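As structure tokens, the structure follows; a few thoughts come after it.
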Amino acid sequence: MSNDSFTSELGYQVTLSIAVALLRTGLLTEGEFARARTLLLEKYHPPIGILLAEVG
């Protein structure tokens, strides 16, 4: 994995984990979380995160 790919994946995973925490605490709705995940995928283009998003 190249350095750029790693940086993209890391940024995506870190911000996604924050969104998951907000969802679990009730600060985000399911709809807001889905929209946030879509925006994060568009912003970071994570090589592994895209594969996992397609499965989930």
Applying the gyration tensor rule to the Cα atoms of the chain (axes a ≥ b ≥ c; rounded if a/c under 1.5, else prolate if a/b exceeds b/c, else oblate), the class is prolate
In nm, what is the difference between 0.36 nm times the number of residues separating residue 4 and residue 45 and their Cα-Cα distance? 13.7 nm
What are the membrane-span-like helices in the chain by this rule: whole DSSP H runs, Cα extent along the axis at least 15 Å, mean Kyte-Doolittle hydropathy at least -1.0? 3-24, 30-44
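For the chain, what is the calculated [θ] at 222 nm in deg cm²/dmol (nearest 500), taking -39500 (n - 2.57) for each run of four or more DSSP H residues and dividing by its residue count?
-27000 deg cm²/dmol
We did not get these values from a lab; they are worked out from the coordinates using the rules stated. The shown structure was predicted, so the numbers you read here are calculated from the model rather than taken from an experiment.
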